[in-house]
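See structure below.
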Amino acid sequence: MFALVDCNNFYASCERVFNPNLQNKPVAILSNNDGCVISMSDEAKKLQLPFGAPVFKWDQFCKEKNITVLSSNYPLYGDMSARVMNILSDFSPDIEMYSIDESFLQLKGFENYDLAAYATKMRNRVLKWTGIPTCVGIAPTKALSKVANKIARSNLKQSKGICVIDCEENRIKALKWTKIGNVWGIGRRLKNRLEAKGCKTAYDFTQLPSNWVLKEFSIVEWRLQKDLQGISKIPLEEVSSKKMIATTRSFEYTYSDIDNLKERISTFAVSCAEKLRTQKSSCHMLIVQLSSDRHQKDLAQHRESKTVFFSYPTDSTLTISKAAVEAVKSIFKPGIKYKRAGVIVTGLVPNDNFQLNLFSEENPKHKPLMSAIDHLNRKFKADKIKLGNQDLKRTWKMRQERLSPKFTTNINDVLIVKAIK
């Protein structure tokens, strides 16, 4: 059996944990640079605030409806997510973190367990220890556990956040309730094709001939159909090293001078190098991207990227940052107002298994230096050690005018409780 544990309105719930005044009130969370709505509470959904709504167009609507609008607080969300996942790992050793707010758990050897009671125990512990509400769906396959979770979430009062599909009757009933467009893994184009074939529900999809599904679509859709039929074909995914690492961001403001761009690119390169060392990899190739604001059509536009090849694989911050800065200098055009940039490292190889170069190699001093920097930054939970060409005060320069405090990741923002005798 598989369990899917999904945190309800995760970003809004994290904000509510440390600000109880937001309980039972409409809350909306914005994307990077306070661009558009990416998450909201159930109360805000009932007011018909659309997902993706640009805040500059909907700001008046939010004020009239008393919707609290907040900037994304990713340090807080990431820390709360880690706490939730750590609690869930106590319930099964086989866990797949599917996203920041949901995880699959494989329940082996639970044939004689009361699964509804076990799910209730999971839900209650996460709520008690973190304050985050969740829903739990349990079924014989991953796709069916997704369906079960959606049913639990849609009928929260009746289901109490729990749905278990443990017999054929429940499976068919759940699939007939689920519209084809709401099935995990079925996007808009696939939905249109299936509806043209007469599929209105997930149950209709399971009734199609499997050979036809494999012939007309792909092995992915065939596995999904089998999973919905109760035959497990989608296993838990193991954590694997990334094939490519990217750090791309939109700027808080447009930049037209090379000094600010060099600082941003260096910071992005440092982030990529740190991620490389975390997964014990080195890169052969670096790509630097630079683009102007495409929404400002009255301004001159420029978009370009440059690829740099290293003669030896490297994970050194110094080497990668230096190459990235040289690359951005070569593609920069004076007079252009740049809004977005990015650094991508690719051609990744493991640090303990790569082809040596007879004529060039990494400076041997870089390895212990990078190790010391990583150790200090981990110890003090912040980017205390930076390169001289980085901004020493701010790392990620985003517009966050409605940001809540970093309650769990910054000692200066920890809540103070005053006891009164």
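Structure notes:
- Residues in segment 187-203 that are under 25 Å from the mean Cα position of the chain (by Cα) and either open to solvent by less than 50 Å² (accessible area, probe 1.4 Å) or among the aliphatic types (A, V, I, L, M) (or both): 187, 190.
- Total residues in segment 136-166 satisfying the condition of being of a type outside the set (Val, Ile, Thr) and assigned to a helix (DSSP H, G or I): the figure is 15.
- Scanning segment 151-186 for residues being open to solvent by 60 Å² or more (accessible area, probe 1.4 Å) and touching a Phe, Trp or Tyr at 6+ places or on another chain (Cβ under 8 Å) gives a total of 1.
- Selection from segment 199-229 of residues that are under 29 Å from residue 94 (Cα atoms) and touching a strand residue (DSSP E or B) at 6+ places or on another chain (Cβ under 8 Å): 202
- Boolean, residue 59 is surrounded by fewer than 16 Cβ atoms within 10 Å (Cβ to Cβ), more than 30 Å from residue 166 (Cα to Cα) and modelled with pLDDT under 90: yes
- Contacts under 9 angstrom Cβ, first residue in segment 1-26 being without any contact (Cβ under 8 Å) to a residue 12 or more places away in the chain, partner open to solvent by 40 Å² or more (accessible area, probe 1.4 Å), 6 or more apart: 21/68
- Identity of the residue in segment 119-136, surrounded by 19 or more Cβ atoms within 10 Å (Cβ to Cβ) and under 21 Å from the mean Cα position of the chain (by Cα), that ends up farthest from residue 229 (Cα to Cα): 130
- Among the residues listed as 228, 290, 286, the single one being among the hydrophobic types (A, V, I, L, M, F, W, C) and in contact with a Ser or Thr (Cβ under 6 Å, 6 or more places away or on another chain): 228
The values are calculated or read from the model by the stated rules, or taken from the named source; none is laboratory data. Note that the structure is a prediction, hence the values are computed from the model and not measured. Positions of Cβ are backbone-derived with ideal geometry, glycine not excepted, and every protein chain shown enters the neighbour counts. SASA here: full protein model, heavy atoms, side chains in, ligands and nucleic acids out. Shrake-Rupley method; radii C 1.70, N 1.55, O 1.52, S 1.80 Å.
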